[in-house]
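The values are calculated or read from the model by the stated rules, or taken from the named source; none is laboratory data. Note that this is a predicted model, so its numbers are computed, not measured. Using ideal geometry, Cβ is built from the backbone for each residue, glycine included, and neighbour counts are taken over all protein chains shown. Accessible surface areas use protein heavy atoms only, side chains included; no ligands, DNA or RNA. Shrake-Rupley method; radii C 1.70, N 1.55, O 1.52, S 1.80 Å.
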Amino acid sequence: MDAFTTHTGTAVPLRRSNVDTDQIIPAEYLKRITRTGFEDGLFASWRKDPEFVLNQPHHAGATILVAGPDFGTGSSREHAVWALQNYGFKVVISSRFADIFRGNSGKGGLLTAEVPQETVEALWELIAEDPAAEVTVDLDKQQIRSGNLVADFAVDGYVRWRLMAGLDDIGITLQSVDAITDFEKQRPGFTPTTI
Amino acid sequence: MARTLAEKVWAAHVVRHGEGEPDLLYIDLHLVHEVTSPQAFDGLRVTGRGVRRPDLTLATEDHNVPTINIDQPIADPISRAQVDALRANCAEFGVPLYALGSIEQGIVHVVGPQLGLTQPGMTVVCGDSHTSTHGAFGALAFGIGTSEVEHVLATQTLPLKPFKTMAITVDGELPVGVSAKDLTLAIIAKIGTGGGQGYVLEYRGSAIRGLSMEGRMTLCNMSIEAGARAGMVAPDETTFEYVKGRVHAPVGSEWDEAQTYWRTLPSDADAVFDAEVFIDATTLSPYVTWGTNPGQGLPLSASIPAPESAGDEVERGAIERALEYMDLVPGTPLREIPIDTVFIGSCTNGRIEDLRVVAEVLRGRQVADSVRMLIVPGSVRVKLQAETEGLDTVFLAAGADWREAGCSMCLAMNPDKLAPGERSASTSNRNFEGRQGPGGRTHLVSPAVAAATAVVGTLAAPADLPKL
Ligand code: SF4
């Protein structure tokens, strides 16, 4: 996983609340057995509408998604994170994220920056005025900057550390393999096995 | 210190605790299916890791298997690739698998409890958000993403931050004709799809104690639709009765030992929850959803709401969008909405008790000409049980379609789909846009309402049907 410290790019406003993972990546796209190639499915049904924001040529190449509250609700599919990343997004900004989505994002290296709804609105306005405005998301300072706008964002401290160190989860856990083995020795005998 | 059920189960599984770090939690049971596992196994191969505890892992094929002609190769090439990948991965890593055609195959959340693998006090995970179902046994059970699936396969643990706890107390007796499904839709309508965010819900109170295990599973299953990570019900005699004698249940002195432990699990009387919700069961009636998230539900006797009734701009927009997608007009009584397809099934309501309720309504009646009705048992065992009881004869005589086990039209990854614009009454758990097929419109309902709707052709409860 690449380390994440600060990112600068253009942003897309997604003026919708309660964007569930079925919208981010509809189920029909989940059948692949690899981890790449999910960009075609991102917001697939909305993208059929030529007016949809991602279809606007001036938002091409954007790497930051600024969404309404309750982003990523619904199914736990991690493909939602992969789809956003495969499409090119590095950061999603919203006033509230669904728990599982936020967790999946941290693990996959996609930053979910939580801000008050006013900041979202301010960013939406800023992008509306100038779609090419550069937005910087500084994970070290936990700050979003663009033009005159400077806003703090919240992110889980552990996720922040991992993103900044670019660490793989399993590797961290396997440092505790002895503790796992010890734990297994004292599990009650009545707990079931599947074999 | 007084602790809640969730806190006790959590504490019993902490492998490593460090200040400011997530706890490393041991996982007792890891359920696997074909859709969210291929990339996880792929990851193991890439990093040269193995499956630490195949004996605590169980795979089944459910999400995109066909529900007809299951003796033939799966027609859809991508579904077939996923199923083939699961079979190859399970063989390579030594994970037990109940494949299509096995008598133990079925929806992962139906299979676990049915085999007695889901027991009180356990930690259960699966790459599927409705893993919350298993909380009905007093297990801490929650959905995980694919990289967490890989993590559990490799280490049998997960690093997790403790959840907050919310008590949902439902007192009083549920009125006749009101089921766990109606209760859960009413709870979600009350607290909203984000209301449970960050919480483990514990359902308690006399109405919950009065529910069967099937009903508790329905309730816990849909906790995720309230935004919660998990739902739980404290184990009691009903739980023990259900677990006892199942294939993987403890026997002899281990049964006694287990039961002694399980009895220590219910929340202490003076345990403090981070949030509390109270519901009077006696005020409830059959609930149906009218919109595009499970929180957009109302009593069947109500009418389609107007956007003007919304509390704020965001909600108003949400109602407008939902009405447009659902093609509904404010003020229309819910009972007047015509339905094209009725789907009975899913891990929410695809168990034997649900099928019995449906059969009771359909017995001696006919599915309306305008309606196609699909009945999909949650597992092969459920199917066989239904056939032993003659329920299939009732379904077929009424004009319903009786299928093989699987997720089917719950998420429409197999050929069971709604056509664009088609409207369903469904016993599943999600009414999101396109969930049951692109452009399809879903009303979530209980099995009883689904069956009555199939007969009438518009949303209806059994009480609306003429007496036979
Ligand atoms: S029945 Fe539906 S909700 Fe349940 S596991 Fe299958 S797809 Fe998921």
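A few notes on this one:
- Couplings 3J(HN,Hα) for the range B:114-122, derived from phi with the Karplus relation 6.51 cos²θ - 1.76 cosθ + 1.60 (θ = phi - 60°), are 4, 7, x, 7, 8, 9, x, x, 8 Hz, where x marks Gly and Pro.
- Rolling a 1.4 Å probe over the protein heavy atoms of the range A:92-195, with every protein chain left in place, gives an accessible area that is 49 percent carbon and sulfur.
- Cα-based shape type of the range B:319-468, given that a ≥ b ≥ c are square roots of the gyration tensor eigenvalues and the cut on a/c is 1.5: oblate
- Summing +1 for each Lys or Arg and -1 for each Asp or Glu among the other residues whose beta-carbon sits under 14 angstrom from that of B:Lys190 gives -4.
- Top of A:Pro57, A:Pro13, A:Pro116 by mean-square fluctuation, Gaussian network on chain A, Cα under 10 Å: A:Pro57
- The packing ranking, built from the mean of other Cβ atoms within 10 Å per residue, places the peptides A:136-147, B:366-377 in the order B:366-377, A:136-147, highest first.
- Counting only other chain Cβ atoms within 10 Å of each residue's Cβ, the peptide B:430-438 averages 5.
- Once the chain from B:Asp84 to B:Ile68 is taken as fully extended at 0.36 nm per residue, the excess over their C-alpha distance is 3.9 nm.
- Accessible area per residue, Å², the range B:108-168 with all protein chains present, probe 1.4 Å: 9 Å²
- Listed residue (B:Val46, B:Ile74, B:Gly20) projecting farthest to the positive dipole end of the range B:1-77, Cβ model: B:Gly20
- Whole-percent carbon and sulfur share, accessible surface of the range B:271-380, 1.4 Å: 50 percent
- Amide H within-cut-off set for B:Ile337, under 5 Å, with H built and near neighbours excluded: B:Leu459
- Residues of the range B:242-288 buried by at least 40 Å² of accessible area upon assembly of all protein chains, compared with the chain on its own (1.4 Å probe): B:His248, B:Glu254.
- Length gained when the stretch B:Leu465-B:Asp312 is fully extended (0.36 nm per residue, less Cα-Cα span): 51.2 nm
- Of all accessible heavy-atom area on the range B:72-229, the percent that carbon and sulfur account for (1.4 Å): 55 percent
- Rounded to whole Hz, the Karplus (6.51, -1.76, 1.60) HN-Hα couplings of the range B:332-348, x for glycine and proline: 5, x, 4, 5, 9, 7, x, 10, 8, 10, 10, 10, 10, x, 5, 6, 7
- In order through the range A:34-39: 3J(HN,Hα) via Karplus (6.51 cos²θ - 1.76 cosθ + 1.60), integer Hz, x for Gly, Pro: 10, 9, 10, x, 8, 4
- Minimum 50 Å² accessible area buried by the other protein chains, the range B:55-70 residues, probe 1.4 Å, relative to alone: B:Asp55
- Annotation for B:Glu360 and A:Phe52: the two label points, set 7 Å from Cα along the Cα-Cβ direction, are 4.4 nm apart.
- Bridgeable lysines around B:Lys8 (alpha carbons under 20 Å apart, same-chain partners fewer than 8 residues away excluded): A:Lys185, B:Lys161, B:Lys164.
- Within straight-line cross-link reach of B:Lys181, lysines at Cα separation under 17 Å, skipping those fewer than 8 residues along the same chain: B:Lys190
- Cα shape, the range A:129-168, gyration tensor, a/c 1.5 rule: prolate
- Calculated FRET efficiency for the pair B:Thr283/A:Arg15, C-beta based, R₀ 35 Å, to 0.05: 0.40
- Cα-based reach from A:Lys31 at 19 Å (exclusive), listing lysines while leaving out same-chain residues under 8 positions away: B:Lys417
- A:Glu39 versus B:Thr393: modelled label distance in nm, points set 7 Å from Cα along the beta carbon direction: 6.0 nm
- Å² of accessible area per residue within the range A:130-180, as computed with a 1.4 Å probe and no ligands counted: 48 Å²
- Ranked by the mean number of other Cβ atoms within 10 Å per residue, highest first, peptides A:100-112, B:381-393, A:173-185, B:2-14 order as A:100-112, B:2-14, B:381-393, A:173-185.
- Once A binds B, the 1.4 Å probe can no longer reach about 5200 Å² of accessible area, counting both sides.
- Other-chain or far-sequence residues with amide H under 5 Å of B:Gly145's (modelled H): none
- Test item: Cα-centred dipole of the range B:304-407, Lys/Arg +1 and Asp/Glu -1 on Cβ, debye: 540 debye
- Of B:Met326, B:Gly215, B:Ala310, farthest towards positive along the dipole that unit charges on Lys, Arg, Asp, Glu beta carbons give the protein assembly as shown: B:Gly215
- Highest average packing first - B:124-134, B:67-77, Cβ atoms within 10 Å: B:124-134, B:67-77
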